[in-house]
Structures are given as structure tokens and as C-alpha cells.
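Below is one structure; the comments refer to it alone.
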Amino acid sequence: MPPGYQQADPSTPERWRRLADQVCTHLAAAGLPVIPEMDFRVSAGAQVDIDPGGDSAGGVYVGWRAHPWLWSAFVDGARQQHPQETLARHLSGLGEAMRDAIDRILTTGGFTVGPSPNDLAQHLLYVSAGPDQPLAERLGLD
């Protein structure tokens, strides 16, 4: 752990896990592939993670991961010092579009979503609260 790092109090991670589960359920219901613990070598879709820190950056984060073959091509080009500007712009555009879509999907579902408070994860959304009722119950589908 980095110096000064402290984990959240024992009850907070469980609350974040429940919120992350709600996020996953809502995104999946909207038709998005959701992989909570993503293996980047073979997975693409919405990525839902929990930062267990006890500081303001702790909590639930959501991002988008494009198909692995796009990322592999980008990383290979960077390793060979032949960055592909067109591919970089494409990946950036995909990320922005999907982040905006995820933001709207979650906000429509009653989640409180905002920019990341973590300066090392500015490309992710931060979910600070969810709806009071589960999705199926709120929509009268239970």
C-alpha cells in the first residue's frame, strides 16, 4: 500500500458492493455487456470496480473497455514506438461516447453519477448513490 493509504471502515465496502451490484444489474438490463472483474485480454464492455480506499476517491467506478484486439493493436504500436494516431482517436472517441451513454443510463435509473474524484482515473465515472428500490420493483416488474 502507498504511504498514507487507509482503507474505508469495515461497513463501507459492503455498501459499495451492493451499489456496484445495482450498477451492474441496471447496465445489463439496458443491454450492455457488464463484467465486474474484467480480464482485459478477452473481455469488452462496461467495467465496474470498487476502490476500497478510505479517502474521497474510495467508492464505485464505471468505465468502458473496447474490444481487446483494438487495445492490443494500440499497445503494440506504442511498444514499437509507432503510435497510431487514428486508432488512438478512435479509442478515445469510443470511450467518451460509452461513458456518456453509461452516465445517461445510470442517471435515468436514479443513480447519482459524476466525474471521478480520483486524479488517476479521470476517464471513469464515479457512482456515489443508487436508487432506493431495486430496478424490477421500481418498474413494477417484480
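Annotations
- Count of region 44-81 residues, restricted to those that are more than 25 Å from Ser11 (Cα to Cα) and among the acidic types (Asp, Glu), is 1.
- Tally, over region 22-68, of residues that are loosely packed, with under 15 Cβ neighbours inside 10 Å, in contact with a Cys (Cβ under 7 Å, 6 or more places away or on another chain) and modelled with pLDDT of 90 or more: 0
- Residue match in region 75-97 (condition: more than 30 Å from Ala29 (Cα to Cα) and touching a Pro at 6+ places or on another chain (Cβ under 8 Å)): yes
- For region 111-142, the set of residues classified as among the charged types (D, E, K, R) and outside any loop (DSSP other than H, G, I, E, B) consists of Glu137, Arg138, listed by residue number.
- Filtered by the rule that a residue be exposed (fewer than 12 other Cβ atoms within 10 Å of the Cβ), of a type outside the set (D, E, K, R) and part of a helix (DSSP H, G or I), region 69-110 gives Trp69, Val75, Thr86, Ser92, Gly93, Ala97, Thr108.
- Odd one out for Ala121, checked against (1) under 17 Å from Thr25 (Cα atoms); (2) in contact (Cβ under 8 Å) with a residue 60 or more places away in the chain: (1)
- Cβ pairs under 8 Å, 6+ apart, first in region 99-115 and closer than 14 Å to Ala29 by Cβ, second of a type outside the set (Gly, Ala, Ser) and assigned to a loop (DSSP other than H, G, I, E, B): Ile102/Leu32; Ile105/Leu32; Gly109/Pro131; Gly110/Pro131; Gly110/Asp132; Phe111/Pro131
- Each residue in region 122-142 was checked for being surrounded by 15 or more Cβ atoms within 10 Å (Cβ to Cβ) and in contact with a strand residue (DSSP E or B) (Cβ under 6 Å, 6 or more places away or on another chain), and 4 pass.
The values are calculated or read from the model by the stated rules, or taken from the named source; none is laboratory data. Since this is a predicted model, take the numbers as computed values, not measurements. When we count neighbours, we look across all protein chains shown, and the Cβ atoms used for this are built from the backbone with ideal geometry, even at glycine.
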